[in-house]
Amino acid sequence: MLRNTLRQLVRLALLLLAVSAVAFFLVGISPVNPVQANVGQAAYVSMSAAKRAQLAQYWGVDVPIWQRYLNWLWSALHGDLGVSLRYNAPVAQVLAWRSGNTLLLISISWVCSGVLGLVLGIWAAMRRDGIVDRLIKGYCFVLASVPTFWLGLLFLMVFAVGLHWFPIGFSMPIGKLAETVTPLDTLHHLVLPAVTLSVVGVAQIALHTREKAIDVLESDYLRFARARGMGAWEAMRRHGLRNLALPAITLQFGSISEIFGGSVLVEQVFSYPGLGQAAVTAGLGGDAALLCGIAVVSASLVFVGNLTANVLYGIADPRMRDKGAPHA
């Protein structure tokens, strides 16, 4: 157990080091001028050369990329992720505020898409080649090819602009103090972004579960259970669900990275203040410190998801505990 824990910690450290380095260097070699992007085009044009040089020195633009990264890494190892140029605040503070919104959005979407995908996949398999099966497959094929941002815009136009059922964006009512925002206000603003992510995330899980469920239905042990007079749904519940657990766990926890990537587009469409929107803002403004912080948080989230899948593998199938669970 101790050896495995140390191995996972080393893998996580190497992953975060590689992710932060790639993110930092990509921002460093981008054509975006941080000074111009953060002060504005009009102010930058009217600014004197001395003032531009002063701001460039203050933000470390003239320092070599590798040296800037080493300075940031040394500070990060001591708990200081730097200061965000775009938000003029410590990166840790920006991440703490934005992470809560994103984790809430992702968690709801992740659970809903997983449960709905599992149910639809089993239902389609139980009604194989029937009208229900064709409808579910058509639904999945269509949604698998629909861009997330397009579906978000469609929901926004129909349910927010057209029907006025939901707000057009943000995570709380405009003009309302944060301390007066109720959980119902938060939920009201969260519905459309969460539904968008959930609906798109259902397709892959449902289709894969359907194929695995068909294999289970055609297995000898399930046929034997049916021959003993057990109903199809009862046989699936008592003997089939456990065999569907492994692929379901793999897909569910493996989809964390996809849901996080989709949240970037969804947060932009609905102006939802989360890590995805902050990542876009940091990229457009050349904010390397903030972008590296977001990359580290997102990589940690995906790593923890895969590690959790490996642990649950052993719980779902004790035979794999000694062999070691494969990576999700």
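The values are calculated or read from the model by the stated rules, or taken from the named source; none is laboratory data. Small disclaimer: the values here were computed from a predicted structure and weren't measured. Every residue, glycine among them, receives a Cβ derived from its backbone with ideal geometry; neighbour counts consider all protein chains shown.
One residue stands out in the stretch 213-232 among those that are crowded, with 19+ Cβ neighbours inside 10 Å and out of contact with any Lys or Arg (no Cβ under 8 Å at 6 or more places or on another chain): the one that is farthest from residue 140 (Cα to Cα), namely 222. Please tell me if residue 194 is buried (at least 20 other Cβ atoms within 10 Å of the Cβ) and either aliphatic (A, V, I, L, M) or free of Cβ contacts under 8 Å to residues at least 24 places away in the same chain (or both). When the stated conditions are applied, residue 194 passes them.
Between 107, 75, which is closer than 30 Å to residue 207 by Cα, surrounded by fewer than 17 Cβ atoms within 10 Å (Cβ to Cβ) and at pLDDT 80 or above? Only one candidate passes the filter, namely 107.
Only helices (runs of 4 or more DSSP H) whose full extent lies in the stretch 214-288 are considered here, and the ones with at least 2 residues that are touching a Leu at 6+ places or on another chain (Cβ under 7 Å) are 241-254, 256-269, 275-285.
Among the residues of the stretch 242-271, those that are aromatic (Phe, Trp, Tyr) and within 15 Å of residue 107 (Cα to Cα) comprise 253, 260.
Residue check: is residue 271 hydroxyl-bearing (Ser, Thr, Tyr) and under 29 Å from residue 308 (Cβ atoms)? Give the derivation first.
Details: hydroxyl-bearing (Ser, Thr, Tyr): yes; under 29 Å from residue 308 (Cβ atoms): no.
Against the criterion (hydroxyl-bearing (Ser, Thr, Tyr) and under 29 Å from residue 308 (Cβ atoms)), residue 271 does not qualify.
For the stretch 101-115, state whether one or more residues are assigned to a loop (DSSP other than H, G, I, E, B), touching a residue at least 24 places away in the same chain (Cβ under 8 Å) and among the hydrophobic types (A, V, I, L, M, F, W, C). Taking every residue of the stretch 101-115 in turn, none turns out to be assigned to a loop (DSSP other than H, G, I, E, B), touching a residue at least 24 places away in the same chain (Cβ under 8 Å) and among the hydrophobic types (A, V, I, L, M, F, W, C). Only one entry in 250, 196 is of a type in the set (S, T, N, Q) and at pLDDT below 85, namely 250. Only one of the numbered conditions (1) assigned to a helix (DSSP H, G or I); (2) more than 17 Å from residue 295 (Cα to Cα); (3) free of Cβ contacts under 8 Å to residues at least 60 places away in the same chain is violated by residue 63, and that is (1).
Only residues that are exposed (fewer than 10 other Cβ atoms within 10 Å of the Cβ) and either in a helix (DSSP H, G or I) or touching a residue at least 12 places away in the same chain (Cβ under 8 Å) (or both) were counted in the stretch 1-26, giving 3.
Going through the stretch 142-172 one residue at a time, which ones are small (Gly, Ala, Ser), in a helix (DSSP H, G or I) and within 20 Å of residue 273 (Cα to Cα)? If the condition is that a residue be small (Gly, Ala, Ser), in a helix (DSSP H, G or I) and within 20 Å of residue 273 (Cα to Cα), then 152, 160 are the ones that fit.
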